[in-house]
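Take a look at the structure below.
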Amino acid sequence: MLTVMVAAGSLILVASDAAPDRIPSFVTWSAENIAAASSGDAFRGSLLAKRCDHCHGAEGFSPVASTPNLAGMNMLSIWKQLEDFRSHKRRSRPMEPIAESLTPRDVADVVSYYAELPVFPDPQDNRVFPGMQPEAGRAAVAARLVTFGDGERGIPPCQSCHGPVAYRVGVPSLMAQNGDYVLNQLEMFASRSRFNDINLPMRTIAALLSEDERRALAEYYGAGLGLQPAGSSGSK
Amino acid sequence: MNWRKVRIFVFTLLALCLIPATRYYQIDEPLLKLLRGSNHIDPLSLHLSGEFVENNLGTEQDADGSVTVRMIAQQYLFVPHCILVPAGVPVHLKITSADAVHSLTLNGTNYAVKTLPGTVSLAELQFPRTGDYKTVCREFCGAGHYAMRSEFKVVPRDQFPALRAGERGACVLQ
Ligand SMILES: [Cu+2]
């Protein structure tokens, strides 16, 4: 009898000790999800996007550097972000309630609209992109990380996942992204206050970068230098 | 019987055998397991459930003094990026891939573990000496392959932290 009780007691202990699974995102890149995310109606999306104009800009370029541009983004990547806002796996005071108010169909529609917007410059728009050109030395630091990464420290080149050289599924393009936003996200990944990257790639990479490198990378992308294939800009 | 046709058929068959014959080294344990259908794991949902959820990655202390290390290989990283293990104890490595074929190779040792999406590779390691062992991916896996490196930090047994159930060791305790 005693042994039975002891056994039961230790079972409870084990059960309460085991940490619950920490899930970064409920999204998986299954064929069904990819199909659902890619089947949006861009025209209907353009009507829904009226609600987003105010912050993300009428042409998908935000007037505030800490708010992301959405023009020309990969459909799957912004679809995932909206799903993560909806499930509170990515925290953001403005975006969580907005994403919650969208139906799955709305999400597919609005992302297909933003993905179609061009990234050409428009002087009549009040966008902040592209920002100031970084100083040459800092641009070179960033270009090296974007193009080659740092093999010694195990940092893969940004462009091998974020494009334009290669895109991994669900990875957002950074080519036309605002610098302040890029920096904020890198800081948040490094401190793990943004934790919705599946299998930890960005939390790992951002933590391996130095503070200075994160700033240089944000300036690089924010200045539009990511729009050129980075192989060439590295040596300039 | 048309011997000419038979000869051509047999010769073609032999020629076709040459292709796998030159690639036999790729047909190793995980692939055989995959073919047998055992040990299956969904590479797309490692983060949702099962033993490769993120808080179960890293080094686990086993009751018999050995440790179990769980890792994910993906384009173009091994996670966790720095693994902490004690010297001189058996290390049971369990690694799977989230995408392509990779190969975790530990510099300064003879260990190389191939990973395939859909299967768990098991390897029995042991590090007699302390130190930092760099790992590299030795299976070309795409644009960032050559930067796919990480590290095993082997510390003396008495410096390895005492892990409670549910706690996983990494270079920074997570
Ligand atoms: Cu690899």
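The values are calculated or read from the model by the stated rules, or taken from the named source; none is laboratory data. Small disclaimer: the values here were computed from a predicted structure and weren't measured. Heads up, the Cβs are rebuilt from the backbone with ideal geometry, glycines too, and the neighbour counts pull from every protein chain shown. To get the accessible areas, we keep the full protein, side chains included, count just its heavy atoms, and leave off ligands, DNA and RNA. Shrake-Rupley method; radii C 1.70, N 1.55, O 1.52, S 1.80 Å.
Between chain B and chain A, the total buried accessible area stands at approximately 2500 Å², from heavy atoms with a 1.4 Å probe. Cross-link partners of residue B:153 among aspartates and glutamates, defined as those whose alpha carbon lies under 17 angstrom from its own and excluding same-chain residues fewer than eight positions apart: A:152, B:60, B:124, B:132.
Taking the 1.4 Å solvent-accessible surface of the protein assembly as shown as the whole, the part contributed by carbon and sulfur is 62%. Name the residue from B:85, B:123, B:9 whose Cα lies farthest towards the positive end of the charge dipole of chain B, charges +1 on Cβ of Lys and Arg and -1 on Cβ of Asp and Glu. Result: B:9.
In summary, the aspartates and glutamates within cross-link reach of residue A:50, defined as a Cα separation below 16 angstrom excluding same-chain residues under 8 places away, comprise A:41, A:59, A:106, A:109, A:116, A:125. Restriction of the trypsin sites (Lys or Arg not before Pro) in the range A:19-94 to DSSP coil positions whose beta-carbon has at most 13 other beta-carbons within 10 angstrom yields A:22. The residues of the range A:18-38 occluded by other protein chains by 50 Å² or more of accessible area, set against the chain on its own, are A:21, A:22, A:28; surface from heavy atoms, 1.4 Å probe. Over the range A:30-118, Cα pairs under 8 Å with separation of 6+ residues give a relative contact order of 45 percent. Where a ≥ b ≥ c are the square roots of the eigenvalues of the C-alpha gyration tensor, would you call chain A rounded, which needs a/c under 1.5, or, failing that, prolate if a/b is larger than b/c, or oblate? It is oblate, given that a/c is not under 1.5 and a/b is not larger than b/c. Averaged over peptide A:147-155, the number of partner chain Cβ atoms lying within 10 Å of each residue's Cβ comes to 5.
Measuring from each cysteine beta-carbon in chain B, the ones with no other cysteine beta-carbon under 4.7 angstrom are B:17, B:137, B:141.
Each Lys and Arg contributes +1 and each Asp and Glu -1, all at the Cβ; summed about the Cα centre of the protein assembly as shown, the dipole is approximately 1040 debye. Using a cutoff of 8 angstrom between alpha carbon atoms and counting only pairs six or more residues apart, the relative contact order for chain A works out to 23 percent. For the Cα atoms of chain B, what angle does the longest principal axis make with the long axis of helix B:3-22, in degrees from 0 to 90, nearest 10? Approximately 10 degrees, to the nearest 10. One Cα centroid belongs to the range A:150-226, the other to the range B:45-91; the line between them spans 24 Å.
Each peptide in A:194-206, B:56-68 receives the mean, over its residues, of other Cβ atoms within 10 Å, and ordering these scores from highest gives A:194-206, B:56-68.
Overall form of the range A:104-235: oblate. Here a/c, set by the Cα gyration tensor axes a ≥ b ≥ c, is 1.5 or more, and a/b is not larger than b/c.
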